[in-house]
Amino acid sequence: MSRRRLVVLSLLALLLTALVAASLMTGRIPLPLAEMATDPSDPRWAVLVQLRLPRTLLAVLIGAGLGLSGAALQGFTRNPLADPGVLGVSSAAALGAVLTLWIPAAAGWVQPAAAMAGALAGTGLLLALAAGGSSMTVFLLAGVVLNTIAGAGVALALSLAPTPWAVNGIIDWLMGSLVDRGLPETLFAAPFILAGLLLLSSTGRALDALTLGETGARSLGVDLDRTRVVLAAGTALAVGAGVAVAGVIGFAGLVTPHLLRPLIGARPGGLLWPSALGGAVLVLAGDLAVRLIPSEAEVRLGVAMACLGGPFFLGLLLMLRRRLG
Amino acid sequence: MAAGFHRTVSRRVAAGGLAAVGLGAAPVGPHRIVSLNPCLDAQLVHIADRRQIAGLSRLSRDPATSTLADLAATLPSVGDTAEAVILKRPDLVLASAHTSAATRRALERLGVPVAVFETPASLAASLDQVRRIASLAHRPERGEALAARIRAALETAAPQPGSRRPEVLIRMSGGISPGAGTLTDDLLSRLGLSNAAGRLGVRGWGLVRLEALLAAPPEVLVLADDGGRSGRADQTVRHPALVALDARVLKRDLPERLLFCGGPVLIEAAAELARIRDSALGVRP
Amino acid sequence: MSRLEARGLTLTRGSRPVVRDIDVTLRTGEVTVLLGPNGAGKSTLLEALCGLLRPASGQVLLDGGDLAALAPAARARRIGLLPQTHEIAWPLEVRILVGLGRIPHVGARGLSSEDARIIDAALAGAGAADLAGRDASTLSGGERARVMIARALAGEPEWLLADEPLAGLDPGYQIDAATTLSGLARESGKGVVLTLHDLTLAARLADRVLVLGDGTLVADGAPETALAPDVLARAFGVRTALRRGPEGLSVDVLGRA
């Protein structure tokens, strides 16, 4: 591993550790290290173990899923502005969740399961639309189709909702939040996200080969059809599970590889795991910031991340103008 | 509303007096109740002792939408996350079906009893809710008293037997009307009013489009908006096109917040709706 | 000694037939040049010989076995392609870019010191050693062409199929590349198949020339035969003269036929 890569990864790991510690200590009830209870009957123990620890873990997993799938998608489409949302997986998951509005008094697990089903069904549709051998353009267009249809479906479902107040609940969820996500949510999402991470990380060589274009990659023995399936399935698992329990959290998948590229090089395969680490840092930092903002109503994480997007893209634009001008 | 606490005070004095004599028992029941919904808040303040209330929802402090804003300002307020609630060390939490499922689950996992309440769809359901809260707070007699006051208010507001039933459409922010199968619908029929929204096919809470309204206008149009705080909603409720109805339709105003909840607010809501009915019938107030 | 054959090969792009019923047998140890006017099907034939294009009918055989039956990775280890368009999607360091050529050989363990040695040799062979540390996105057209040759060489394939590998190169680098490709065949015993536009360069470099016209082979043989004036007149519509000088064969284009 190059010296530079090692330094960057070590710094990220250090940052993540610090953020994890901070996350365990932050909330309505400040829990500095000295005051952390180890006695299970102490209510502070319950807060730590039932609320803060799972929430922190979930933020790390979701961030890792977003970061790695963002890096994989940017490598696959050879477009540094690609995002896990491009494939329509988040929208399809959202549609699955919104449809549960009509199931009265649904048990707690129904909504995440429906969202996961939506993500997988959407991915299946995507792969069917862009069936074997068709070009990158068709594949991306299929993603646009899925996004449009799922988005329209969500809007339709909301407009036909049983009561106006039921709509508020789902809109809240759509904005993305880790509030009060505990052990059950984390245990639900973790296996899917980990499976997705493993699948996506296996595409490293194919992504590297794609630097030379599709023909170049295929001449190096890469099976592009198989890569496409693995990519779609991995994204559905890694990102879909996150959406299922926490709503739509954007931006991290787009920005993390973007920030790491100048630091550790643009080779797509080399950006995968570092982006997972960077995504975890970004989402956890965002969740921490949201908890530190002094406001009665906790700002939704998805909203906070989206608010970061504006200045980021503005900075990007100004930098590009200066470079090209 | 203040009556509840006067009762509390007099009860406490009585209990204290009795205790001093050694014949009374200290009041039992949950000692720290947190409510996460303004409708539940409004019922809780009538039923529970002041010192039983560990926290009310933040929305109850908003004068525009709350019927107990001043009172709520004197009581503790609690945020809607599990951590904020835990901070109050509750032994009972009242939540609505619309409270975040994640928060409810988190509280249950933390070992806090959570009672979940649906939006009542009829007067009977609303009174049941009052009694259930009273039972959970171990103050059943207060629940009965409140239910009795609500029923009495409806009796007072009831129409003269045999009088005409004017048709009414209640139009709320965003053009929403309470239709068939809602608490408001039940209230209207008990007060001798016919619900135009039901006639227009609205089940539950639904949108009545302006065209449908203009094509088949009711006798009375009740404009229940939020006093113009949100610009767009105001347009929908008081749309310029409604001017066309001025000649044919009687227009009346009603504070929207009277229609959000069941429970004690029904007393004021019934009185207002009865006044509107009487003006439509030309009855002297 | 390895054989790459096309048997009754018909190739289509979409519904349009590009190449019809071609039979040709290629051998390692030779430089074969594929000539023909634009659109005659040279790139298409090259892609098919590399196993990247499924024939409409007919077969491509590698040492008698159907090429399509080989797994992509196994095929890539034996046959390498240098495409005409030099796409480079990311600003990689040249050394890393050339290292991509090792992908068919490298497993999950990553590049070894042996791989690094091969990469360095490939860079030298392509005359691109001086570019090794550069950012690939800053390369000029000719520099990019040299780097791409290095990438193809790094794969150490048994068969190297190159589409216009000398296009865009300065004369000096053209000579170097031609020497490297020729050495690959004659000294290292590899099979080299390339397309060219320069007829004289083809005459000097090739052991064998295939001329493609109208979707079929109009000539297949030694340069003296395949580059005869009547063949070129039919294929390109130009009048030519074939000369043998001290430097070797030359083809002079005299005018329209």
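Read-outs throughout are calculated quantities, based only on the coordinates presented, and are distinct from any laboratory measurement. Please read all numbers here as calculations on a predicted model, not as lab measurements. Cβ coordinates were reconstructed from backbone atoms using ideal geometry, including for glycine residues, and neighbour counts include every protein chain displayed.
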Anchor C:Lys42: aspartates and glutamates whose Cα lies under 16 Å away (excluding residues fewer than 8 positions away in-chain): C:Glu5, C:Asp21, C:Asp23, C:Asp163, C:Glu164, C:Asp198, C:Asp214, C:Asp220
message: Just to be sure I understand the model, the point goes 7 Å from the Cα along the line to the Cβ. What's the resulting B:Ala152 to A:Ala131 distance in nm?
response: 7.6
query: Pick from C:Gly133, C:Gly101, C:Gly213: which is most flexible by mean-square fluctuation in a GNM of chain C where alpha carbon atoms under 10 Å apart are linked?
result: C:Gly133
task: Please give, to one decimal in nm, the separation of the simple spin-label points placed at B:Glu268 and A:Ala289, each 7 Å out from Cα toward the Cβ.
output: 4.1
statement: With the charge dipole of chain B built from beta-carbon charges (+1 for Lys and Arg, -1 for Asp and Glu) about the Cα centre, the Cα from B:Leu214, B:Thr119, B:Leu107 projecting farthest to the positive end belongs to B:Leu107
field: For the range A:175-227 and the range C:113-166, distance of Cα centres in Å
entry: 30
message: Inside 10 Å of the C-beta atoms of A:203-210, what's the mean count of C-beta atoms belonging to other chains?
response: 4
statement: Expected vector for the range A:172-182, Karplus 3J(HN,Hα) from phi with 6.51, -1.76, 1.60 and θ = phi - 60°, integer Hz, x for Gly and Pro, equals 4, 5, 4, 6, x, 7, 10, 4, 6, 6, x
field: Spacing of the two label points (7 Å from each Cα toward its C-beta) at A:Val144 and C:Arg239, in nm
entry: 5.4
DSSP beta bridges in chain B [antiparallel fraction, %, rounded to 5]: 15
- request: Multiply the residue separation of C:Thr85 and C:Ser113 by 0.36 nm, subtract the distance between their alpha-carbon atoms, and state the gained length in nm to one decimal.
  value: 7.1 nm
query: With θ set to phi - 60° and the Karplus curve 6.51 cos²θ - 1.76 cosθ + 1.60, what are the ³J(HN,Hα) couplings of the range A:214-229 in order, to the nearest whole Hz, using x for Gly and Pro?
result: 5, 5, x, 4, 5, 5, 8, x, 7, 8, 5, 5, 5, 4, 4, 5
message: For a quick check, take a GNM of chain A with Cα springs below 10 Å and name the residue from A:Asp208, A:Asp39, A:Asp287 with the largest mean-square fluctuation.
response: A:Asp39
task: Give the percent of DSSP beta bridges with both residues in the protein assembly as shown that are antiparallel, rounded to the nearest 5.
output: 45
- request: Compute the Rg to Rh ratio over the protein assembly as shown from the alpha carbon atoms, using the Kirkwood formula for Rh, and round to two decimal places.
  value: 1.16
- prompt: In peptide C:77-90, what is the residue-averaged number of other protein chain Cβ atoms found within 10 Å of each Cβ?
  reply: 5
query: What average count of beta carbons from other chains do you get within 10 Å of the Cβ of residues in A:262-269?
result: 4
statement: For the range B:58-63, in residue order, the Karplus 3J(HN,Hα) values (coefficients 6.51, -1.76, 1.60; θ = phi - 60°; whole Hz; Gly and Pro = x) are 4, 4, 5, 8, 7, x
message: Shape verdict for the range A:3-324, please, from the Cα gyration tensor: rounded (a/c under 1.5), prolate (a/b greater than b/c) or oblate.
response: oblate
